[in-house]
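A.B. asks: Sharing a structure here in structure tokens format.
Taken together, the values in this text are just the output of simple stated rules run on the coordinates, not laboratory data. Note that the structure is a prediction, hence the values are computed from the model and not measured. Neighbour counts are summed over all protein chains in view; Cβ atoms, including those assigned to glycine, are modelled from backbone coordinates with ideal geometry.
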Amino acid sequence: MNPYAALLINAALCALVATVLLFLSRILGRRHASKVKYEVFETGNPPIGSLRGTRFPVKFYLTAILFIIFDIEVVFMYPWAVAYRQLGWFGLAEMGAFMAVLAVGFAYIWRVGALEWN
Amino acid sequence: MDLIISFGTALVALLICLQVTVLLLWVERKGSALIQDRVGANRANLFGGLLPFNLGIVNTMIADPLKLLTKEDIIPAGADRFLHWLAPWVAVFPLFLTFAVVPFGDVLVIGEREINLQAVGLSGGILFVLAMLSLGVYGVIVGGWASNSRYAFLGGVRGSAQMISYEIAMGLALVSVALTYGTLDLQHIARAQGQLMWGVVPAWGIFYQPVAFVLLFIAGIAESKRAPFDLPEAESELVAGFQTEYSGSKMSMFMMSDFIEVAIVAALTTTLFFGGWQVPFLYRDGFHFPGGLTVAIPSLVVTLLQIVSFLVKLFVFCWIQILIRWSLPRLRYDQLMAFGWKTLLPVGLANVVASAVLLLLLEGWTGT
């Protein structure tokens, strides 16, 4: 049987179970509205302002960008790893060159301090 | 017929996932109690005290989940309703699906039919697992944002930053495994570990890639935001981090995602490094010991032994993760990020290069 068809069956089953779990509280639990319940938890203080205008600290953005770069590198390594035995020394040299370029980049960001988290 | 078999294996995989999760709840409570030299939950009794012993397991596995599921479902004011509903679903769905590619046995032979005991026989199994774990990050971020609470948002963002930092280390460990076995299919990797090295030692992955094992294990624990990497949900600091504004079944889904990830990391480790369902010296027709002794065993018993072996190994690694959680102090956030980027990433890269070079030098020594 086509493995992707099996995957679809699995996905449907998991989605079903997850959805049932999600709505279980709605079905089984009580629903008494009270103004205090819907206040956001801030250890007793009234909530400060809306989240809509909150600024996203830029260092998280930096981490995400760096993650993208290195994750793409890892993704390129997968087909190379699977076909490695057919590629031999030449393949190693090629991938070595690729990794060397990225290693230089990694050394740069390390030196520049992009990996520091204050 | 194929459809029914596929559905059957899917059901079994999902059941294993759910059962292990629920059991882990209890094992964690009792285990942590034993580690901390106390008794743990033991106050529930059956039949109103008829039996002369108390059972914490009833408390943890039955009463606690029921209590959580019957709590009121509260969505804070100003929260994005759709995202609030979506976040736990996105947190849990990919993790359920990951178990679909984990092989829990070799083959089940019924009549003339050989059923591969793996819900989805994807040839890119490892890649699929990595993809699903990456999807799990969305649950954290969306959960934090949808709560309209500063604390939750901060917890969510920090949690997701941590998760993606350690995903690279995991990916690199898995690349070296792919190098060693020349395939990404988990069932093939499990089968390849049935060979014997020097005629005596089973060729488990740990002997070929010890560094990758350590890397995968540590990165896996960090990915699931468990201690010592659990600052995003640090109880003393951010209440419950990104889960603060969740109640009832949605909260239970976030908690479940924690334990499902424990099970996933354990399942990955056993499949890739400890032979998965392999029992040493057990082949499809029985035991073949190195001395020459052969014990013939019916195929159904073989399958049963292999499934039991998988579950035992799964629990060993779940227990090790629980042990680590309750033994080590928490890492501070910048230590955490520094560890992921400055230690694990270079080690992972070095391991890939070293494995590649060694593989070419010793060609024919590690064959599949």
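A.B. asks: Once you average over the residues of B:289-300, how many Cβ atoms of partner chains fall within 10 Å of each Cβ?
C.D. replies: That works out to 0 on average.
A.B. asks: For the pair residue A:5/residue A:101, report the inter-label distance in nm, with labels modelled 7 Å from Cα in the Cβ direction.
C.D. replies: Result: 4.2 nm between the two label points.
A.B. asks: In whole Hz, with x marking every Gly and Pro, tabulate ³J(HN,Hα) for region B:175-183 from phi via Karplus 6.51 cos²θ - 1.76 cosθ + 1.60, θ = phi - 60°.
C.D. replies: 4, 5, 5, 5, 4, 5, 9, x, 8
A.B. asks: Which residues among region A:8-23 fall inside the zone where the amide N is under 12 Å from a point 7 Å beyond the Cα of residue B:3, along Cα→Cβ?
C.D. replies: A:9
A.B. asks: How high is the relative contact order of chain B, in percent, counting Cα pairs under 8 Å that sit 6 or more residues apart?
C.D. replies: 21 percent
A.B. asks: Please compute, for peptide B:3-11, the average count of beta-carbon atoms on other protein chains lying within 10 Å of each residue's beta-carbon. Intermediate results must be reported in sequence, preceding the final value.
C.D. replies: On the way: counts 4, 0, 2, 9, 5, 0, 3, 8, 3.
Average per residue, whole number: 4.
A.B. asks: What list of ³J(HN,Hα) couplings, whole Hz, do you get for region A:58-68 from phi and the Karplus terms 6.51, -1.76, 1.60, once you set θ to phi - 60° and write x for glycine and proline?
C.D. replies: 6, 5, 5, 4, 4, 4, 5, 4, 4, 4, 4
A.B. asks: How far apart, in nanometres, would the label points at residue B:299 and residue B:316 be if each is projected 7 angstrom from Cα along the Cα-to-Cβ direction?
C.D. replies: Result for the modelled spin labels: 2.8 nm.
A.B. asks: Counting only residues 5 or more places away or on other chains, whose amide H sits under 5 Å from the amide H of residue B:72 once H atoms are built in the peptide plane?
C.D. replies: Correct list: A:30.
A.B. asks: What's the longest bit of chain B with no exposed GluC sites (Glu not before Pro), using DSSP loop states and at most 11 other Cβ atoms within 10 Å as the test?
C.D. replies: Formally, the longest exposed-site-free interval is B:236-362.
A.B. asks: Scan chain B and report its longest stretch carrying no trypsin sites (Lys or Arg not before Pro) that are both in a DSSP loop and have at most 13 other Cβ atoms within 10 Å.
C.D. replies: B:44-331
A.B. asks: Given a Förster radius of 41 Å and the C-beta distance between residue A:30 and residue B:324 as r, what FRET efficiency does 1/(1 + (r/R0)^6) yield to the nearest 0.05?
C.D. replies: For R0 = 41 Å, the calculated efficiency reads 0.60.
A.B. asks: Between B:305, B:268, B:34, find the one with the highest GNM mean-square fluctuation for chain B; connect C-alpha pairs within less than 10 Å.
C.D. replies: Result: B:34 has the largest fluctuation of those listed.
A.B. asks: Under a GNM of chain B (C-alpha, springs under 10 Å), which listed residue has the highest mean-square fluctuation: B:36, B:193, B:321?
C.D. replies: Largest GNM mean-square fluctuation: B:36.
A.B. asks: Counting only other residues whose beta carbon sits under 15 Å from that of residue A:88, what net charge do I get with K and R as +1, D and E as -1?
C.D. replies: Computed value for this residue: -1.
A.B. asks: Let me ask something additional. What distance in nm lies between label points placed 7 Å from Cα along the C-beta direction at residue B:195 and residue B:36?
C.D. replies: Inter-label distance under the simple model: 4.8 nm.
A.B. asks: Distance check, please: which entries in B:313/B:342; A:59/B:71; B:30/B:225; A:59/B:225 exceed 26 angstrom between their Cα atoms?
C.D. replies: Working: B:313/B:342 31 Å; A:59/B:71 37 Å; B:30/B:225 21 Å; A:59/B:225 20 Å.
Going by Cα-Cα distance, B:313/B:342; A:59/B:71 fall outside the 26 Å limit.
A.B. asks: Please report B:32, B:247 as a ranked list, fewest other C-beta atoms within 10 angstrom at the top and most at the bottom.
C.D. replies: B:32, B:247
A.B. asks: Efficiency by 1/(1 + (r/R0)^6): what FRET value for residue B:285 and residue B:70, r their Cβ-Cβ distance, R0 = 60 Å, to the nearest 0.05?
C.D. replies: 0.70
A.B. asks: Continuing with the same structure: Around residue B:143, with a cut-off of 10 angstrom between Cβ atoms, what is the net charge of the other residues, counting Lys and Arg +1 and Asp and Glu -1?
C.D. replies: Around residue B:143, the surrounding residues sum to 0.
A.B. asks: Taking chymotrypsin sites (Phe, Trp or Tyr not before Pro) as candidate sites, keep only those in a DSSP loop with at most 10 other Cβ atoms within 10 Å, then name the longest stretch of chain B containing none of them.
C.D. replies: Answer from the scan: B:199-364.
A.B. asks: From other protein chains only, count the Cβ atoms within 10 Å of every residue's Cβ in B:169-182, then give the mean.
C.D. replies: That average works out to 4.
A.B. asks: Summing -39500 (n - 2.57) over the DSSP H runs of n ≥ 4 in chain B and dividing by its residue number, what mean residue ellipticity at 222 nm do you reach, to the nearest 500 deg cm²/dmol?
C.D. replies: -19500 deg cm²/dmol
A.B. asks: Plugging the Kirkwood radius over Cα pairs into Stokes-Einstein for region B:243-319, at a temperature of 37 °C and a viscosity of 0.692 mPa s, what D comes out in µm²/s? Don't skip to the answer; put the middle values down first.
C.D. replies: Numbers: Rh = 14.6 Å.
The diffusion coefficient I find is 224 µm²/s.
A.B. asks: Compute the FRET efficiency between residue A:60 and residue B:110 as 1/(1 + (r/R0)^6), taking r as their Cβ-Cβ distance and R0 = 41 Å, and round to the nearest 0.05.
C.D. replies: Computed FRET efficiency for residue A:60 and residue B:110: 0.20.
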